[in-house]
2 protein chains.
Amino acid sequence: MKNEQLSNSTIFPLGEKVQAYFTGDAYLQMVFTDPAPLNTVIGNVTFAPGARNNWHAHQIGQVLLVTGGNGWYQEEGKPARSLTTGDVVNIPPNVKHWHGATKDSWFVHLAMTPGTTDWFEAVDDAWFDEL
Amino acid sequence: MKNEQLSNSTIFPLGEKVQAYFTGDAYLQMVFTDPAPLNTVIGNVTFAPGARNNWHAHQIGQVLLVTGGNGWYQEEGKPARSLTTGDVVNIPPNVKHWHGATKDSWFVHLAMTPGTTDWFEAVDDAWFDEL
């Protein structure tokens, strides 16, 4: 991980290393979990270069706000979308997808997740290396 | 406005200058306005040093995520709370309050506002200068 760049992008705390459903080093800090006034919790997710989450789907959907670095968002059957600071992604309900850092960059986003997430298989190295 | 510092903090677009209910120079860019999956819109608000919004209240509440600079949040009848990068504020419904930059710093926050806002009088210079 490029620590200098990461420290420049760290707005919200890094939090704890994610232990499941991810490939590579990723970190999660919940920044908002109150029951009101939003219908969602908010987590700050930081991916080391090459790190990404497994294929998964959100039963209600999810919104990503990218706060630093460069990454990918890919829905099943579609080309990967390149993401960078300031990008916003509205992920539809029950659409299988993954997100994570590029090979060469850290990547940080806020994730607003109003419902339950269903987790599937990892994004394997052969798939990721094609990007 | 300290442009160099502001540019370092600009994650989401600056947007347009706010024309009403603010004192000093402030800018608003809506970053999320889709009807689903969140119960809220999300705006990026940037305050020049000394800029602040009028006293106001949110009928459902509001959540602030501070992404840069230094500012104040004050509820009526309470001491002002100092805010800096990474701070999160859960503003209760129907509580009269204001927020804005310190005298010497720009200030940037995301604002998640699920309902209607009621606007009141400006935070006058005499009040602000006491901080």
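The values are calculated or read from the model by the stated rules, or taken from the named source; none is laboratory data. Note that the structure is predicted; figures quoted are calculated from it, not measured. As a convention, Cβ positions derive from the backbone with ideal geometry for all residues, glycine included, and neighbour counts pool all protein chains shown. All accessible areas refer to the heavy atoms of the entire protein, side chains included, with ligands and DNA or RNA removed. Shrake-Rupley method; radii C 1.70, N 1.55, O 1.52, S 1.80 Å.
Tell me whether chain A comes out rounded, prolate or oblate; compute the Cα gyration tensor, take square roots of the eigenvalues as a ≥ b ≥ c, and use a/c under 1.5 as the rounded threshold. Verdict is oblate for chain A.
When the charge dipole of chain B is built from unit charges on Cβ atoms (+1 for Lys and Arg, -1 for Asp and Glu) and taken about the Cα centre, the candidate among B:101, B:70, B:33 whose Cα reaches farthest toward its positive end is B:33. Per residue, the accessible area of the protein assembly as shown comes to 45 Å², computed with a 1.4 Å probe over protein heavy atoms only. Dividing the C-alpha radius of gyration of the protein assembly as shown by 2.2 N^0.38 Å, with N its residue count, gives 1.04. Using a 1.4 angstrom probe on protein heavy atoms only, the contact between B and A buries about 1900 square angstrom of accessible area, both sides summed. Spin-label pair residue A:124-residue A:82: with each label point 7 Å from Cα along the Cα-Cβ axis, the two points sit 2.7 nm from one another.
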